[in-house]
Amino acid sequence: MGTLKDRLNDDLHAAMKSRDELITSTLRMALSAVRTAEVAGDEARELSDDEVLAVLTREAKKRREAATAFAGAGRVDQAAKETAEGEVLDRYLPKQLTDAEIAEIVGGALAAGGFTGKAQMGPAMKAAQAAVAGRAEGGRVAAEVRRRLA
């Protein structure tokens, strides 16, 4: 099996052949963000699947935030477009954890690290984020860590 970037490219070519404008433009944007990340820093390099996944997660989050902003401003059609782009990107992301699953994983990570008070929020968040491994938004994880450390 190829890399995630190869899958994105293959899906882009298929979308272009079927003339699906939404998927074509969304995957072009995603691949552009991946290429930008590849050339960022001191020298160009190929991103690993995990790094590509992180880029796609950031792009999906941008789409969700933009859709919320457009909806709040009364621009319903633009909000719908951003939501649709986010749904296309979600196909490439791991399934998001439920609140109950987040609570269970965070609880285990905090117990394993011996974190008990709010003063340990930073290290506790690092441990919790590592345990969740990109399967939930940082805000949801932070809320659960705060709740447990309170």
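The values are calculated or read from the model by the stated rules, or taken from the named source; none is laboratory data. Please read these numbers as outputs of a predicted model, since none were measured by experiment. In this analysis, Cβ positions are derived from the backbone assuming ideal geometry, glycine residues included, and neighbour counts consider all displayed protein chains. Only protein heavy atoms, including side chains, enter the accessible area calculation; ligands, DNA and RNA are left aside. Shrake-Rupley method; radii C 1.70, N 1.55, O 1.52, S 1.80 Å.
Quick notes on this one:
- Summed over the range 136-150, the residues that are under 15 Å from R58 (Cβ atoms) and either open to solvent by 50 Å² or more (accessible area, probe 1.4 Å) or outside any helix (DSSP H, G or I) (or both) give a count of 3.
- Hits in the range 8-24 (condition: of a type in the set (S, T, N, Q) and either part of a helix (DSSP H, G or I) or surrounded by 17 or more Cβ atoms within 10 Å (Cβ to Cβ) (or both)): N9, T24
Yes or no, residue by residue, for (1) more than 22 Å from R135 (Cα to Cα); (2) touching a residue at least 12 places away in the same chain (Cβ under 8 Å); (3) open to solvent by 30 Å² or more (accessible area, probe 1.4 Å):
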| site | (1), (2), (3) |
| --- | --- |
| D6 | no, no, yes |
| T26 | no, yes, no |
| L47 | no, yes, no |
| E65 | no, no, yes |
| T68 | no, no, yes |
| D77 | yes, no, yes |
| E85 | no, yes, no |
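- Test: residue in the range 82-100 that is at negative phi, of a type in the set (K, R) and in a helix (DSSP H, G or I): no
- Just so you know, in the range 87-132 the residues that are among the basic types (K, R) and touching a residue at least 24 places away in the same chain (Cβ under 8 Å) include one that is surrounded by the fewest Cβ atoms within 10 Å (Cβ to Cβ), and it is K95.
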